[in-house]
Amino acid sequence: MSKSVYEQDITSIVMSDNDNVATLLKGLEAGESFLYVLNGQKEVLTAKQSIPFGHKISIKSIQRSEMVVKYGEVIGAATADIEPGEHVHVHNIEGIRGRGDKAEGGQK
Amino acid sequence: MIKLQLTNDNKFWGYRRPDGKVGVRNHVLILPTITCATQAAKQITELVHGTVSFIHQHGCAQVGIDYEQTFRTYVGMGANPNVYGVVVLGLGCETHQARSVAGELAKTNKPVEVVSIQDHGGTLTAIAEGAKIAARMVQEASAQTRELCDISELIIGTECGGSDACSGISANPAVGAVSDMIIEHGGTAILAETTELIGAEHLLAERAVDDRVAKKAYQVIKAMENRSIQMGVDIRTGNPSPGNIRGGLSTLEEKSLGAANKAGSKQLQEVIDYAESPTKKGLVWMDTPGHDIEQLTGMVAGGAQVVLFTTGRGTPTGSPIAPVIKISTNTGIYEKMSENIDLNAGTIIEGKESIESVGTRIFEEIAKVSSGKLTKAEVLKQHDFGIWRIGPTF
């Protein structure tokens, strides 16, 4: 699942080539660029807003309700359209599992 | 699969118990079976060097599977091979009778005695009686010497708490590498926190040794998920926690996929209930909640002699009877909370160290700690204990 060794100049990690988000290894200011590796190629994108260390950034366009993929697996669904370079977090994605609030009689 | 280079002879210095199991500590446990006896138990530990105990709120007005799970946890704590002998301390009238717990513990052939506050005529008399027995046990324990034991005799508990987005990239994969290594040497690694495997269960079920084990993996996940669904709430209101979310984890599935990395790459041998002892060597999944202390208690009651605990947000967690080796997921928290954290895996995301290399460091630390080196949680007397209650109190 994980790569064994990471390169020192990489500022974010994409866990699987199927992912549509990267995890930031340094906090970014709006307009700051970051480097990631996808399919063995180094790519550069620009952050649309300031994003803290360890948080996720979109590396692809993600439509509302589309699955968000990290580790090559589904981690949730988008609750808004997300552009490449946007912060991906609780404000624009939600979990799919353990959603008693969406069950009949749930506390919405 | 990650292969690790061995840097020692896979041995450690442990204490052989009458039942053949090996402990890495030589504690005398004052085991209160009821909340009413916990204060007296604590007093005994203050009087007698070499004793440990724990505070809890349980042991009375419990029924059915909830009664059984609490009972199993008490017995498991006393039976853990890190414990030389046990003073079981009861009040007298409680549902979890000290004599019943002691009766089960006697099967290990370790020294076990019972003290009852009501039978002995009050708190002070019970403390005095318990302290006298404990003092004798501690001196006997001190005469036992460590002997050379094989890593295959270890059950290693694995845990992540105060996780951040680095957990699944650095420390958890490193613990997974250690889990593989322990298993390759004939030992056992416990994966737990069922809640934090929701969304990753298919990856583990694929590795199950047979269909029955795969089916049980799905069953425990479904039961855990259904508890939140029956309450009509989004599980995210409790897990991931506010600290997890500040650390960059957005959903429970994301946290789970990172947590599952602790399981390494080996075949899943069995799925056991909370506080049960593994019946097989290799990778074992214990059904526990994600709550750090309840999970830790379940694994230790199941016989884990050493626990590996990864953390991104930092945590002081420790057990009264098992050393907990704390491993940070990022260098920032390692430096900030160095008084609590033993090892740093943050070097992985800095590109300074490989997962294998950090795994080797953790493995070497297990051998040192199993031979007597104290972890930071032990030095700070972090004696956490919490039982996963699965029924109401009556």
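The values are calculated or read from the model by the stated rules, or taken from the named source; none is laboratory data. All of these numbers come straight from a predicted model, not from anything done at the bench. Neighbour counts run over all protein chains shown; Cβ positions are idealised from the backbone, glycine included. For the accessible areas, the whole protein counts, side chains as well, though only heavy atoms, and no ligand, DNA or RNA atoms are used. Shrake-Rupley method; radii C 1.70, N 1.55, O 1.52, S 1.80 Å.
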remark   = For chain B, longest principal axis from Cα atoms; helix B:64-79 axis from its Cα atoms; angle between them, nearest 10 degrees, is 80
key: Within 10 Å of each Cβ in B:164-175, the average number of Cβ atoms from other chains   = 4
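How high is the relative contact order of segment B:136-194, in percent, counting Cα pairs under 8 Å that sit 6 or more residues apart? Mind showing how you got there, number by number?
Numbers: 41 pairs, mean separation 28.3, N = 59.
Worked out over segment B:136-194, it gives 48 percent.
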ask   = Along its principal axes, what span do the Cα atoms of segment B:150-379 show, with the longest given first and each in whole Å?
value = 43, 40, 33
key: For segment B:27-142, the Rg and Dmax computed from alpha carbons only, in angstrom   = 12.8, 40
ask   = Does anyone have the angle between helix B:211-230 and the longest principal axis of chain B? Alpha-carbon axes, 0 to 90°, nearest 10?
value = 80
remark   = Semi-axes (Å, rounded, descending) of the ellipsoid equivalent to segment B:111-179 per its C-alpha gyration tensor are 42, 21, 9
key: Solvent-accessible area lost in complex, 10 Å² minimum, residues of segment B:226-242 relative to chain alone, 1.4 Å   = B:I229, B:M231, B:G232, B:V233, B:D234, B:I235, B:R236
request  = Quick one: what are the phi-derived ³J(HN,Hα) couplings along segment B:104-119, Karplus 6.51/-1.76/1.60 with θ = phi - 60°, whole Hz, x for glycine and proline?
outcome  = 5, 5, 4, 5, 7, 6, 8, x, 9, 9, 10, 10, 10, 4, 5, 5
remark   = Note to self: with every protein chain in place and a 1.4 Å probe, the protein assembly as shown gives an accessible area per residue in Å² of 38
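Leaving out ligands, DNA and RNA, what percent of the accessible area of chain B is carbon and sulfur, probe 1.4 Å?
Working: 7340 of 13850 Å².
On chain B, the fraction of accessible area on carbon and sulfur atoms equals 53 percent.
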note = Straight-line reach check, B:K266, cutoff 17 Å on alpha carbons, 8 or more apart in-chain or any other chain, hits among lysines -> B:K3, B:K280, B:K281
request  = Taking a cut-off of 12 Å between Cα atoms, list the aspartates and glutamates near A:K48, but don't count ones fewer than 8 places away on the same chain.
outcome  = A:E29, A:E32, A:E83, A:E86
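Can you give the convex hull volume of the alpha carbon atoms of segment B:53-206 per residue, in Å³?
On the way: hull volume 27.1 nm³, N = 154.
Hull volume normalised by residue count: 176 Å³.
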Spacing of the two label points (7 Å from each Cα toward its C-beta) at A:S61 and A:K42, in nm = 2.8
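Round to a whole number: what % of the accessible area of segment A:12-102 belongs to carbon and sulfur, probe 1.4 Å? It would help to have the intermediate numbers written out before the result.
Numbers: 1710 of 3680 Å².
Percent of accessible area from carbon and sulfur atoms in segment A:12-102: 46.
Compute the Cα gyration tensor for segment A:27-108, then decide on rounded, prolate or oblate, letting a ≥ b ≥ c be the square roots of its eigenvalues: rounded whenever a/c is under 1.5, prolate when a/b is larger than b/c in the other cases, and oblate in all that remain. Intermediate results must be reported in sequence, preceding the final value.
Details: a/c = 2.67, a/b = 1.94, b/c = 1.37.
Taking the square roots of the gyration eigenvalues as a ≥ b ≥ c, segment A:27-108 is prolate.
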ask   = What list of ³J(HN,Hα) values in whole Hz, one per residue of segment B:276-289 in order, does the Karplus curve 6.51 cos²θ - 1.76 cosθ + 1.60 (θ = phi - 60°) give from phi, with Gly and Pro shown as x?
value = 7, 7, x, 9, 10, 7, x, 7, 10, 9, 9, 6, 9, x
key: A:S12 long-range amide H proximity, modeled H, under 5 Å   = A:L25, A:L35
request  = Pop a pseudo-label 7 angstrom from the Cα along the beta-carbon direction at both B:K373 and B:S152 and give the gap in nm to one decimal.
outcome  = 2.5
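Using only the Cα atoms, work out Rg/Rh for the protein assembly as shown, with Rh taken as the Kirkwood radius, to two decimals.
1.00
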task = With a 1.4 Å probe and all protein chains in place, put B:H58, B:H185 in order of accessible area, largest first.
result = B:H185, B:H58
ask   = Using protein heavy atoms only (no ligands, DNA or RNA), what is the total accessible area buried between A and B, 1.4 Å probe, nearest 100 Å²?
value = 3000
inquiry  = List, by residue number, every residue in segment A:60-85 with a reduction of 10 Å² or greater in accessible area between the chain on its own and the complete protein assembly, 1.4 Å probe.
reply    = A:K70, A:Y71, A:E73, A:V74, A:I75
note = When all Cα-Cα pair distances of chain B are considered, the percent exceeding 26 Å is 50
